[in-house]
Amino acid sequence: MARAGARAARDLIAVVDDATKRLLYAQLEVAESTHTVLAGLADRLHDVGLPMALYTDRASWAFLTPKAGGRVDKTRVTQVGRALARLGIEHIPAYSPQARGRSERVNRTAAGSPGQ
């Protein structure tokens, strides 16, 4: 049971231009899901156009990964993967600590420091 006045945890859905480091989209959601990710992508693609590639984490909405921490299965495509393929956008899974670090920096920046 939640305490009165306590905030429920939220997931940050963010789209960042990797070349310019510009935050293009940010939305707090109850849960990161296929629906929330596609809504964010639709919003941005409508305004800024189609990118050549989209670099994402390996969450279940993005890729099927048979073994935790392993390589993604590119033969079994998620709904997001199918949408990106249909639009001609290359979908690149993030494997390196540097790639995961970029998204974590966006999350820390968007959260702000305590007291803000």
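Residue pairs whose Cβ atoms lie under 6 Å apart, sitting 6 or more positions apart in sequence or on different chains, and linking a residue in segment 32-54 that is under 22 Å from A9 (Cα atoms) to a partner that is of a type in the set (D, E) and modelled with pLDDT under 90, are E32/D11.
Residues of segment 9-27 that are closer than 17 Å to A42 by Cβ and either small (G, A, S) or touching a Phe, Trp or Tyr at 6+ places or on another chain (Cβ under 8 Å) (or both): I13, A14, V15, A26.
Filtered by the rule that a residue be open to solvent by 60 Å² or more (accessible area, probe 1.4 Å) and in a helix (DSSP H, G or I), segment 43-75 gives D43, H46, D47, V48.
Please work out if Q116 is open to solvent by 100 Å² or more (accessible area, probe 1.4 Å), at pLDDT below 90 and under 20 Å from A26 (Cα atoms). It is true that Q116 is open to solvent by 100 Å² or more (accessible area, probe 1.4 Å), at pLDDT below 90 and under 20 Å from A26 (Cα atoms).
Note on segment 13-57: among residues that are in contact with a Ser or Thr (Cβ under 9 Å, 6 or more places away or on another chain) and among the hydrophobic types (A, V, I, L, M, F, W, C), the one that is modelled with the highest pLDDT is V37.
The values are calculated or read from the model by the stated rules, or taken from the named source; none is laboratory data. Everything numeric here is computed off the predicted structure, so don't read it as measured data. Heads up, the Cβs are rebuilt from the backbone with ideal geometry, glycines too, and the neighbour counts pull from every protein chain shown. Ligands, DNA and RNA are excluded from the accessible area calculation, which covers all protein heavy atoms including side chains. Shrake-Rupley method; radii C 1.70, N 1.55, O 1.52, S 1.80 Å.
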